[in-house]
Amino acid sequence: MKIKLIFSGMLVLLSTAMLSAQKQAAPAVDIKKSIESGRAIYMQLCLTCHQKDGGGVPHLNAPLDGATAVVANDKAKLIRIVLKGMSDRIEIDGEYYSNTMTPHSDMKDQQIADVLTFVRNNWTNKASAVSAAEVKAVRGKTK
Amino acid sequence: MKKIFYYLCMLLIITALTSLSACASGPVKPGKTGAVVPDADNAGLKLPAGFGALKVADGLSKPRHIAVSPQGDLFVKLNGKLSAGKGVLRLHDTKGDGKPDETTGFGNYTGTGITIKNGYLYASSDQEVFRYKLNDKGEVIDGSEQKIITGLINRHQHESKSVVLDDAGNIYVNIGAYSNSCQENDRVTGSKGRMPCPILDSAGGIWQFKADKLNQTYGDGVRYATGLRNVVGLDWNKQANKLFVMQHGRDDLHSLFPAFYTDQDNAEKPAETMYALNKGDNAGWPYIYYDPATNKKMLAPEYGGDGKKEGGKDAIDPAIAFPAHMAPNALLFYTGNMFPAKYKNGAFIAFHGSWNRAPLPQEGYFVVFVPFENGKPTGKWEVFADGFAEKGDALTPRNAAHRPTGLAQGPDGSLYVSDDQKGTIYRIIYTGK
């Protein structure tokens, strides 16, 4: 489990490094701003279910901290979940979660980008930022 | 003349039965249970003076409800992973020191409910109920599994099926509502309530079945009580000869209707409620919630409520209301003789602990006691066993060390508590020290 986490963490770091080498990722100061804005959104909309430690609620609400899928490269999946909510019973790292999640399609592209960037870079998580453009692209396909 | 003879016979039978049951729940037998002593740290629990606790088991896979046989063996319903293919464990203590050293199992399904009555053990998955015949040593007889109830709704929300029997051959099963408040879109901000709520036809209530009939489903049972969002803890009160249940109250008042409710309203207003049920009762879900501060049934915002309008004229009142979201997962009326007199006939309630109170601090994660006489509470609730969670204000559902979820009474009057976070089983005893 731990090894898997470390491994996926390394993969993310590696791919982040490769990306920034390839096409000059957004400056670090913008990520910081996005994280701070995302933190405020998290406190308002996400905290009650996903909790202040990002641990979720066993059996009910999915954990975000330490969850492989949250720091994975498939950002479109995370964007879709925020837009459409969740009503399936899902497996995350060997445990099952089945509570209903509210859709948040009323949030702006930048807000979704910020909250996901925060979630991917808070607690023990460390992963690349999500941009408003990425949210916009997924929103276009999800409608 | 015949009548007098009949009454005499009845009197004899009743006397015999009473003395028998007095034996079964009588004082601690010397030798066997006399050797049971609390752990040095009372297994980490904070208890009233004179009580002690020991760890009976640890690391089980999400143990939910538990039952103790008349011989003192502990039966545990697992809801995590099957243990060597088994979903019900029997923990047997060969040495009599209260630390079981022999584990066997049966049943190839996970679930929550388990109870023992009249020589049978009953256990549930999330859609079925089985029973097993016990031999005179309290062991499950191989091949005796019978499916008595099948086809109950399981939509992965409030899916656990708790079970209890009365003294007339009936079994009661909770069928939780697969919804928070019967909105057109579950847990979506501003979504209206469905009228009438169609969920109540097959869930959101207690169903009564025969304890000895095979393969019963909805058509064979009776919807005994309705308007109950989700019951996990339930017990039969022998003094009142009545079913008592603990309802998990609704979530998300603030996030679904921010115009009418604050975070604090959500954390405090929709009580966790205990009901004494008669056949045909309606407890009011989803149309109302119960405000524990004002003791009023309030119209739910999905049905036109605004935090001020009352509702539920045809709904029963609770026997007791508890703070919101603490998640009562087990109820047990204490009939043993080990604990001091004030506990006799009173209610123990295991509160699994809250999550929906956030961002306010979490509550619960303890076992509560309420004094009762003849099926009526005679005093306020008090915390009986605490120290399960350990984290103080930093507490979250994930970091809680333990979460109480099941209760059982041993033949000597010990109180057993299960925890589905780390899989610990506690045994609380009275030592007077």
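Nothing in this text is a laboratory measurement; each read-out follows from the coordinates by a stated rule. Just so you know, these numbers come straight off a predicted model, no measurement behind them. Reconstructed Cβ throughout: ideal geometry from the backbone, glycine too, with neighbour counts over all protein chains shown.
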_When a/c reaches 1.5 or more, the comparison of a/b and b/c decides; with that in mind, is the protein assembly as shown rounded, prolate or oblate per its Cα gyration tensor?_
prolate
_Given R₀ = 41 Å, what would the calculated FRET efficiency be for B:ASN241 paired with B:THR294, taking r from the Cβ atoms and rounding to 0.05?_
0.85
*asked:* Below 8 Å, C-alpha to C-alpha, sequence gap of six or more: please give me the relative contact order for chain B in percent.
replied: 16 percent
*Rounded, prolate or oblate: which one fits the stretch B:248-403, using the alpha carbon gyration tensor with axes a ≥ b ≥ c (rounded when a/c is under 1.5, else prolate when a/b beats b/c, else oblate)?*
oblate
_Three-way shape call for the stretch B:230-303 based on the alpha-carbon gyration tensor, with the a/c threshold at 1.5_ = prolate
_A:THR142 versus B:ASP58: modelled label distance in nm, points set 7 Å from Cα along the beta carbon direction_ = 4.4 nm
*Given 0.36 nm per residue, what is the gain on full extension from B:LYS422 to B:LYS147 after removing their alpha carbon distance, in nm?*
96.0 nm
*If you take the beta carbon distance between B:GLN264 and A:GLN110 as r and set R0 to 35 Å, what does 1/(1 + (r/R0)^6) give as a FRET efficiency, to the nearest 0.05?*
0.70
*Averaging sequence separations of C-alpha pairs under 8 Å and six or more residues apart, then dividing by the length of the stretch B:69-182, give the relative contact order as a whole percent.*
18 percent
_Number of partner chain Cβ atoms within 10 Å, mean per residue of A:53-62_ = 5
*On a C-alpha basis, how far is the centre of the stretch B:33-99 from the centre of the stretch B:209-271 in Å? Whole number, if you could?*
28 Å
*Provide B:PHE333, B:PHE260, B:PHE130 in ascending order of the number of other Cβ atoms located within 10 Å of each residue's Cβ, fewest first.*
B:PHE260, B:PHE333, B:PHE130
*Quick one: net charge around B:GLU139, please, counting Lys, Arg +1 and Asp, Glu -1 for every other residue with C-beta under 13 Å from its C-beta.*
-1
*Give me the number: length gained by fully extending B:LYS86 to B:ASN399, i.e. 0.36 nm times residue separation minus the C-alpha to C-alpha distance, one decimal in nm.*
109.9 nm
*Can you flag which of B:LYS46/B:LYS161; B:LYS242/B:LYS309; B:LYS161/B:LYS376 are past 28 Å Cα-Cα?*
B:LYS46/B:LYS161; B:LYS242/B:LYS309
*Residue mean of other protein chain beta carbons inside 10 Å, B:186-196*: 2
*Neighbourhood charge, 12 Å Cβ-Cβ cut-off, centred on B:ARG229 and excluding it, Lys, Arg +1 and Asp, Glu -1*: -1
